[in-house]
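Okay, structure first, notes after.
Values quoted throughout were computed directly from the atomic coordinates according to the rules given, and no laboratory measurement underlies them. Keep in mind the model is a prediction, meaning the values are calculated, not measured. Cβ sites come from the backbone with ideal geometry, for glycine too, and all protein chains shown count toward neighbours.
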Amino acid sequence: MQFLSERVDSSRSRRTEGGNVLISLLGAVIVLALLGGAVLEIGGAARERALKLQDRDRAVGGIEFGLEALRQTVAQQFESQGWIDVAGLGSNPVQGTGALGSAYYNINLETQNGPDQIFATQLHNPLESLTAPDDPFHGASAVVNTFSVTANAQSPISSASGGRFNLPALQLSPQLSVRQIPVSEFTLFSSATSLELSQGGNIGRIHSQGDLIISGQLSSLYPVTASGNISLAGNGSLVVQPADPGLAPLSFPVQSTLEEAIRDRSNVSLGVTAM
């Protein structure tokens, strides 16, 4: 009887151990499942966050393109009629929705908080000194008219219409300044279709309404501006001094702004800009 009792106790012990192992295995499976679900959820949230950031960048890009189009409209109106209609500068281009889930935005630009019209002036309006440290015309005076732009980027795609999620809307409120710099603020101003500078030495601000050709060893104030192309001829060289006297002069690194524009599509880094 004692032997039988010991066998029964041993069997019960093995069943208990087996049950404990099974419970432990089930617990481990449940924990792993929970961890796997958490990892997938974290990964999905990170992917969605990255996609939303990408979509936001596209919306910002759309607004920047809209503002550049607005700037070109301002320049064209001033050139063609001598004034701009600020109230009519807004735009609201509507894009197609494209494939569901794609990042398309409707960009709406509205002008406000400024004059309805800005007229070209011949020093009849008060001049303001341009004092911002990063202003390329720092130290010059100009007639300044400023107006605000409310820029909205709204996507027509939403999760309700089958998109991956609600694409984030965006609103920016940039300010635009129209600055009319008098000819007297330039040391050399040319309205000819082409201007060649063969002399050397230091000179102040330069602007040409046409092409600007530099064949001498010339030093100027930043920026050198031209409506056309700026190029070096012969042994010509151009050095421009930034508005901040503590900054080193900048050398014109190419033979032509046209060459740089083709390569880089921008000549802002040259210290030479086109108006």
Sequence-distant or interchain residues sharing an amide H contact under 5 Å with Ser220, placed H: which?
Ile203, Val239, Val240, Gln241
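Round to the nearest 0.05 the FRET efficiency obtained for Thr146 and Val183 when R0 = 25 Å and r is the Cβ-Cβ distance. Walk me through the intermediate numbers first.
On the way: r = 22 Å, r/R0 = 0.89.
After rounding, the FRET efficiency stands at 0.65.
What is the calculated FRET efficiency for Gln175 to Ser251, with r their C-beta to C-beta distance and R₀ = 35 Å, to the nearest 0.05?
On the way: r = 33 Å, r/R0 = 0.95.
E(calc), rounded to 0.05, equals 0.55.
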Can you list residues from other chains, or at least 5 along the same chain, whose modelled amide H is less than 5 Å from the amide H of Ser194?
Asp211
Label-point separation (nm) for Asp57 and Asp134, each offset 7 Å from Cα along Cα-to-Cβ?
2.0 nm
Tell me, in nm to one decimal, what length is gained between Gln199 and Thr73 on full extension, where the rule is 0.36 nm per residue of separation less the Cα-Cα distance?
41.7 nm
What full-extension length gain, to one decimal in nm, is calculated for Asp244 and Asn106 as 0.36 nm per residue of separation minus the Cα-Cα distance?
45.6 nm
